[in-house]
1. Among the residues of the stretch 119-135, which ones are assigned to a helix (DSSP H, G or I) and not aliphatic (A, V, I, L, M)?
2. Please verify whether F83 is farther than 21 Å from L147 by Cα and crowded, with 22+ Cβ neighbours inside 10 Å, treating the condition exactly as stated.
3. Which of the strands (runs of 3 or more DSSP E) found entirely inside the stretch 136-221 contain at least 2 residues meeting this: surrounded by 12 or more Cβ atoms within 10 Å (Cβ to Cβ), of a type outside the set (A, V, I, L, M) and in contact with a helix residue (DSSP H, G or I) (Cβ under 9 Å, 6 or more places away or on another chain)?
4. Which of the residues spanning the stretch 233-249 are under 16 Å from S212 (Cβ atoms) and in a loop (DSSP other than H, G, I, E, B)?
5. Could you give every pair whose Cβ atoms fall below 9 Å, whose first residue belongs to the stretch 213-239 and is within 18 Å of E161 (Cα to Cα), and whose second residue is among the aliphatic types (A, V, I, L, M) and loosely packed, with under 11 Cβ neighbours inside 10 Å, counting only separations of at least 6 or pairs across chains?
6. Filtering the stretch 54-77 down to residues that are surrounded by 24 or more Cβ atoms within 10 Å (Cβ to Cβ) and not hydrophobic (A, V, I, L, M, F, W, C), which residue is farthest from L21 (Cα to Cα)?
Amino acid sequence: MLPPKPLTVVIVDDEAPARALIREYLESHADVQVVAECTNGLEAVKAANEFKPDLLFLDIQMPKLDGFEVLDLIGRDTAGVVFTTAYDEYALRAFEVHAVDYLLKPIGPERFAEALQLARSRISRHQAVPARELLETHREGAPVDRLLIRDRSHVHVIPVEQIDYVEAQDDYVSIRAAGRSYLKEQTLGELEAQLAAKGFLRIHRRYILNVSRLAKIELSEKDSRVAVLHDKTELPISRSGYVKLRELL
C-alpha cells in the first residue's frame, strides 16, 4: 500500500522568527511537507501558483500585498488557509462570521495544533475557504486605492485613478486602464461599492465609468444616450444612469 500523500504547506510571513516558529511546530507532524516559505504577498501568490499547496499559513500585515489581497488573488486555488495576525480586530470579526480559522500572535503550540487539525478537516472534506464572502465582509464597501489582478503567476497592480471604465463580463469584470484591458473575477456590484467614493459611477447595468474620463454625452440613434470618453470610446447610458450623471454633473 502506498503511503498517504503528505499535506503540502506554504508559510507566509514577513518576519523570520514567525516563519521559524510555524516551521518548528510543523516538524512534529511527519505527514506535513513545507514546500515554500514566503516573505511577502507577491511571493505567496507565485508559490500558490507553482506548488498548489493544500494549506497556507498566511500573515495579514505584510509589505507589497497583505493577507487579504493574497486571498483575493488565490482564493480559488487553495483548499485551506490559516491566517495569522498580531492585532487586526476588524479582520478577526470577518473570520468569525465565515468560520475561517486564524491564529493570534504570539502563537502557542496547543492553539496551533487545533488550527492544523481544523484545516485538515476542511481539506479532507474539500471545503474551500469562502474567499468572496470573507473579502466582502472585510471590505464592506470600503474605498480602494488600487486593484490587484492576477495573470498566472504575475500580479498587475492598477491604481484606481488610471482606470477609464469597468465592464461586466459574466463572472468577471473587464477593467480598462492605460490602454489595456484586464479580467478580474469579481462582480460589478462589488466593484461599484469599492469605487463609488473614488469618482466612479455606474451608468449602465454593464458599465462603471470613471467620471473624469467623460468628455460629453450624446444622443444615439434609438433616442438613448451614450457617454463619449476623451479617447473617443463610447459607452451606453441607461435611463437611471443618465439621471445619476445629471445629478453629479
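1. R120, S121, R122, S124, R132, E133 - these are the residues of the stretch 119-135 that are assigned to a helix (DSSP H, G or I) and not aliphatic (A, V, I, L, M).
2. It is true that F83 is farther than 21 Å from L147 by Cα and crowded, with 22+ Cβ neighbours inside 10 Å.
3. 146-151, 163-169, 200-204, 207-210
4. Across the stretch 233-249, the qualifying residues are T233, L249.
5. From the stretch 213-239, the pairs are L214/L249.
6. Among them, the one singled out is D72.
Here is a yes/no grid of residues against (1) in contact with a Leu (Cβ under 9 Å, 6 or more places away or on another chain); (2) closer than 23 Å to S212 by Cβ:
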{"site": "D145", "(1), (2)": "no, yes"}
{"site": "I149", "(1), (2)": "yes, yes"}
{"site": "V157", "(1), (2)": "yes, yes"}
{"site": "E161", "(1), (2)": "no, yes"}
{"site": "E167", "(1), (2)": "yes, yes"}
{"site": "A178", "(1), (2)": "no, yes"}
{"site": "T187", "(1), (2)": "no, no"}
{"site": "E190", "(1), (2)": "yes, yes"}
{"site": "A193", "(1), (2)": "no, yes"}
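A short reminder: the numbers here are calculations on the coordinates, not readings from a lab. Not measured: the values here are computed from a predicted model. Reconstructed Cβ throughout: ideal geometry from the backbone, glycine too, with neighbour counts over all protein chains shown.
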